[in-house]
Number of protein chains: 2
Amino acid sequence: MSMDRLERQLRFILEIDKLKSVYRRTYLVDGTRRENSAEHSWHLALLAMILSEHANQPLDVAKVVKMVLIHDIVEVDAGDTYIYDDQGGKAERERLAADRLFGLLPIDQAREFRTLWDEFESGTTAEARFASALDRFIPQLHNYHTQGRSWKEHGITPERVLSRNVEIADGSAKLWEWTQIIIERAVAEGLFTKS
Amino acid sequence: MSMDRLERQLRFILEIDKLKSVYRRTYLVDGTRRENSAEHSWHLALLAMILSEHANQPLDVAKVVKMVLIHDIVEVDAGDTYIYDDQGGKAERERLAADRLFGLLPIDQAREFRTLWDEFESGTTAEARFASALDRFIPQLHNYHTQGRSWKEHGITPERVLSRNVEIADGSAKLWEWTQIIIERAVAEGLFTKS
């Protein structure tokens, strides 16, 4: 094995450190600051390990874990696109980012990572649907526990939360049920701005 | 399945969000701020996915990934202990933290997480030794790419780096070889404070 292969791997590892500086709209549960996409990915991997029993279908949990760990790496180039903003150009931006970033790896690993990311994006497998459900579920928890801070800042209504995140049900009926309970409680507690 | 089980799982998930506010001595590769233990754990999981071919022994990679994802959760209660500081009381602090934190989970998952963490701590398996090697390897990269910032701040000598991290060799001779190259380069480039 050549040092060249290890050097390529380390170049990728250094490059993705930038994901720790990509900030999302969601706040930490204690409200002290916005969350970045690297720590969010860590949190999602823990959700995958803990909540897989609530998936609609049997799963390869290790694959879901890997999928959520890499799903946001494209944001190093493409930035975070807020789910309630215009998604125009997002797919193309992220595709170019995937080309460049995964392309830093040795060719076999570049292919492996790209295949996993494409699967996540396509949502065609049970693992991809569950990974996406977790990704859409966790911000609802963060919002609820920060008195709806991010919802209020962006004028998001409960109707938009539910319509924009209904795909949670495709991955986990249980987590979708729980999402609806959270949103009901948030409405009752006045956590949404009156429109 | 009762909602009670899901509620226990979510309580743990909310509690470990605090790991995003536990800061290490190491800086991000771009030097803008210190790194927290949640994003560090994400980075390590990627290292596990990418570098497992350099381990001394064949590995269950998925297990290494899970191990590094949970290895620092105890820091939510116990805080981060700098590798070059007095380690007195660390083991006991972290054991109590593991009792409380993993104890938030349903009993079967509490046991599973605790067993995995105990294995990491004990260093008795190939997976634990490789996970620990990654955990000791990555700060050398961060230090090298930030002009030795954390080494300088704490007056760490190259000799201490090498003696305190020699266990990298138990997990990966290749990464230990690379660590020595990095330290040699760092010395040549004046990245350590003159003692």
- prompt: Could we say that residue A:79 is under 19 Å from the mean Cα position of the chain (by Cα), away from every other protein chain (no Cβ under 11 Å) and surrounded by fewer than 20 Cβ atoms within 10 Å (Cβ to Cβ) here?
  reply: yes
message: Being buried (at least 20 other Cβ atoms within 10 Å of the Cβ) and of a type in the set (D, E, K, R) narrows it down to one residue among B:121, B:153, B:92, B:127; which is it?
response: B:127
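So is residue A:20 at the interface with another protein chain (Cβ under 9 Å from one of its Cβ atoms), of a type in the set (Lys, Arg), touching a His at 6+ places or on another chain (Cβ under 9 Å) and surrounded by 21 or more Cβ atoms within 10 Å (Cβ to Cβ) or not?
Numbers: at the interface with another protein chain (Cβ under 9 Å from one of its Cβ atoms): yes; of a type in the set (Lys, Arg): yes; touching a His at 6+ places or on another chain (Cβ under 9 Å): yes; surrounded by 21 or more Cβ atoms within 10 Å (Cβ to Cβ): yes.
The answer is yes for residue A:20.
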- prompt: Can you tell me how many residues in the stretch A:94-132 are more than 12 Å from residue A:72 (Cα to Cα), touching a residue at least 24 places away in the same chain (Cβ under 8 Å) and among the polar types (S, T, N, Q)?
  reply: 1
- line: Over the stretch A:25-34, the set of residues more than 7 Å from chain B (Cβ to nearest Cβ) and surrounded by 19 or more Cβ atoms within 10 Å (Cβ to Cβ) is A:25, A:26, A:27
task: With respect to residue B:52, determine if the residue is in a helix (DSSP H, G or I), over 25 Å from residue A:113 (Cα atoms) and modelled with pLDDT of 95 or more.
output: no
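From B:96, B:10, B:44, grab the single residue that is farther than 21 Å from residue B:178 by Cβ and within 10 Å of chain A (Cβ to nearest Cβ). Break it down into steps so the answer makes sense when it comes.
Details: B:96 fails: within 10 Å of chain A (Cβ to nearest Cβ); B:44 fails: farther than 21 Å from residue B:178 by Cβ.
The unique qualifying residue is B:10.
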field: 1 or more residues more than 14 Å from chain A (Cβ to nearest Cβ) and more than 28 Å from residue B:33 (Cα to Cα): qualifying helices (runs of 4 or more DSSP H) within the stretch B:106-177
entry: B:107-122, B:126-145, B:168-171
task: Please go through the stretch B:178-195 and pick out each residue that is of a type in the set (Val, Ile, Thr), part of a helix (DSSP H, G or I) and in contact (Cβ under 8 Å) with a residue 40 or more places away in the chain.
output: B:179, B:182, B:183
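This table checks each residue for (1) without any contact (Cβ under 8 Å) to a residue 40 or more places away in the chain; (2) of a type outside the set (Ser, Thr, Tyr).
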residue: B:19; (1), (2): no, yes
residue: B:25; (1), (2): no, yes
residue: B:38; (1), (2): yes, yes
residue: B:42; (1), (2): yes, yes
residue: B:52; (1), (2): no, no
field: Selection from the stretch A:65-94 of residues that are at pLDDT below 95, closer than 26 Å to residue A:49 by Cβ and part of a helix (DSSP H, G or I)
entry: none
query: Is there a residue being more than 8 Å from every other protein chain (Cβ to nearest Cβ), surrounded by fewer than 16 Cβ atoms within 10 Å (Cβ to Cβ) and among the polar types (S, T, N, Q) anywhere in the stretch B:53-70?
result: yes
field: Condition met for residue A:153 (without any contact (Cβ under 8 Å) to a residue 24 or more places away in the chain, under 26 Å from residue A:28 (Cβ atoms) and of a type in the set (D, E, K, R))
entry: no
statement: Taking the stretch B:143-156 and keeping residues touching a strand residue (DSSP E or B) at 6+ places or on another chain (Cβ under 6 Å) and among the basic types (Lys, Arg) leaves B:149
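Okay, residues lined up against (1) under 19 Å from residue B:14 (Cα atoms); (2) modelled with pLDDT of 95 or more; (3) out of contact with any strand residue (DSSP E or B) (no Cβ under 8 Å at 6 or more places or on another chain); (4) of a type outside the set (Asp, Glu):
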position	(1), (2), (3), (4)
A:141	yes, yes, yes, yes
A:158	no, yes, yes, yes
A:162	no, yes, yes, yes
A:170	no, yes, yes, no
A:182	yes, yes, yes, yes
query: Does any residue of the stretch A:35-48 turn out to be touching a Phe, Trp or Tyr at 6+ places or on another chain (Cβ under 9 Å), assigned to a loop (DSSP other than H, G, I, E, B), modelled with pLDDT of 95 or more and not polar (S, T, N, Q)?
result: no
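The values are calculated or read from the model by the stated rules, or taken from the named source; none is laboratory data. Computed from a prediction, not measured in an experiment: that's the story for all the values here. In this analysis, Cβ positions are derived from the backbone assuming ideal geometry, glycine residues included, and neighbour counts consider all displayed protein chains.
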